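To keep things clear, I will list the structure first and then write my remarks on it.
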Amino acid sequence: MRASEFIEKTNAAATPEDVFGLFHAAVKEHGFDSIGFISTTPAAQRAFEVDSKILPALTVNCPEGWPKHYLAKRYAEIDPILLAAPRLRSPVAWADFENQDRLSPKQRQLFRESREAGMHNGVSIPIHGPAGESFLISLASAASHRDRPPDFGHLHLLSLQFYVAFAGLATQATGVPTMPRLTERERECLNWSAQGKSAWATSMILGVSENTVNFHLKSGMRKLGTTNRVQAVAIAVRAGLIQP
């Protein structure tokens with residue numbers, strides 16, 4: 001599924017479950033069958049608090065018995081990727097963590113048992129919200145072999161848009177936070193960024209310096225509560241601040 005199509009469909013979705021279903025379909029095209037959407041900080045749990053209840057992490061097609069086994073073993077306390085999530089800024093492959101020398105025997109056991117449960121070639125994508133929230137989206141394949149490496153860039157974009165659309169719908173019961181007002185130049189720069197233009201290309205289009213474009217992009221990102229340009233674009237599109 002093209003990124004533009006995914007953005008359009010998730011922005012039109014009526015419920016968080018609809019958004020999750022679209023995300024599942026999109027990542028399945030990349031060969032991933034299992035999805036975990038997990039809050040990794042107290043702020044992340046509070047972000048989806050509706051009617052005094054915390055929305056649970058959603059899982060699709062997770063191998064039967066794995067969530068219960070994971071909790072029974074208290075793996076959340078030692079899962080190296082989960083622990084690193086608040087500091088991560090880009091997608092990571094599980095194999096990169098598993099190959100680290102400093103892992104404890106129990107951490108190595110976690111990776112081994114996840115494969116035995118039928119989760120292979122895992123990838124985790126960190127998501128950071130505007131108020132200190134930290135989430136982790138983890139994807140895994142039932143197939144032990146991949147014909148090609150995962151497209152981290154596309155998976156990152158899909159995950160960011162999923163989070164923006166899901167969060168917007170999940171928090172409607174308590175009211176979606178008011179979006180900040182962007183200047184015309186901030187909207188222009190974000191709009192061209194949404195169309196894949198670099199800061200240099202945008203500067204040529206607008207007739208300003210590259211430093212000026214970067215200044216307005218950073219200003220827009222700060223107002224939208226993120227340091228990630230892709231996430232800023234996703235938030236702005238979702239809020240109707242720009243029309244790519």
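Count, please, the residues in segment 29-45 that happen to be without any contact (Cβ under 8 Å) to a residue 40 or more places away in the chain and either part of a loop (DSSP other than H, G, I, E, B) or within 15 Å of the chain's Cα centre (by Cα) (or both).
Residues meeting the conditions: 1.
Over 23 Å from His156 (Cβ atoms) and either under 15 Å from the mean Cα position of the chain (by Cα) or modelled with pLDDT under 90 (or both): is that true of Ala26 in this structure?
It is false that Ala26 is over 23 Å from His156 (Cβ atoms) and either under 15 Å from the mean Cα position of the chain (by Cα) or modelled with pLDDT under 90 (or both).
As an exercise: evaluate Gly225 against (1) closer than 20 Å to Ile7 by Cα; (2) without any contact (Cβ under 8 Å) to a residue 40 or more places away in the chain; (3) part of a loop (DSSP other than H, G, I, E, B); (4) not charged (D, E, K, R) and give the number of the one condition it does not meet.
If we test Gly225 against (1) closer than 20 Å to Ile7 by Cα; (2) without any contact (Cβ under 8 Å) to a residue 40 or more places away in the chain; (3) part of a loop (DSSP other than H, G, I, E, B); (4) not charged (D, E, K, R), just (2) comes out false.
Give me the pairs, please: first residue somewhere in segment 1-28 and surrounded by fewer than 13 Cβ atoms within 10 Å (Cβ to Cβ), second residue anywhere and part of a helix (DSSP H, G or I), beta-carbon distance under 8 Å, and either six or more positions apart or on two chains.
Pairs that qualify, where the first residue is surrounded by fewer than 13 Cβ atoms within 10 Å (Cβ to Cβ) and the partner is part of a helix (DSSP H, G or I), are Ala14/Leu169; Thr15/Leu169.
Considering only residues that are touching a residue at least 40 places away in the same chain (Cβ under 8 Å) and closer than 23 Å to Phe162 by Cβ, which ones fall in segment 95-117?
Passing the criteria: only Ser114.
Taking segment 200-238 as the region of interest, how many residues are under 24 Å from Ile125 (Cβ atoms) and of a type in the set (Gly, Ala, Ser)?
Total meeting the criteria: 5.
How many residues are more than 13 Å from Lys218 (Cβ to Cβ), over 23 Å from the mean Cα position of the chain (by Cα) and part of a loop (DSSP other than H, G, I, E, B) when one looks only at segment 181-200?
1
Residues that are farther than 24 Å from Gly21 by Cα: find the helices (runs of 4 or more DSSP H) completely inside segment 64-176 holding 3 or more of those.
The helices (runs of 4 or more DSSP H) meeting that bar are 66-72, 80-84, 94-98, 105-116.
Can you pull out every residue in segment 204-242 that is more than 26 Å from Leu155 (Cβ to Cβ), surrounded by 21 or more Cβ atoms within 10 Å (Cβ to Cβ) and not aliphatic (A, V, I, L, M)?
His216
So which residues in segment 1-18 are in a helix (DSSP H, G or I) and over 15 Å from Ala234 (Cα atoms)?
At the first step, the residues of segment 1-18 found to be in a helix (DSSP H, G or I) are 3-11, 16-18.
The answer is Pro16, Glu17, Asp18.
The values are calculated or read from the model by the stated rules, or taken from the named source; none is laboratory data. Everything numeric here is computed off the predicted structure, so don't read it as measured data. Don't worry about glycine lacking a Cβ; one is built from the backbone with ideal geometry, like all the others, and counts go over all protein chains shown.
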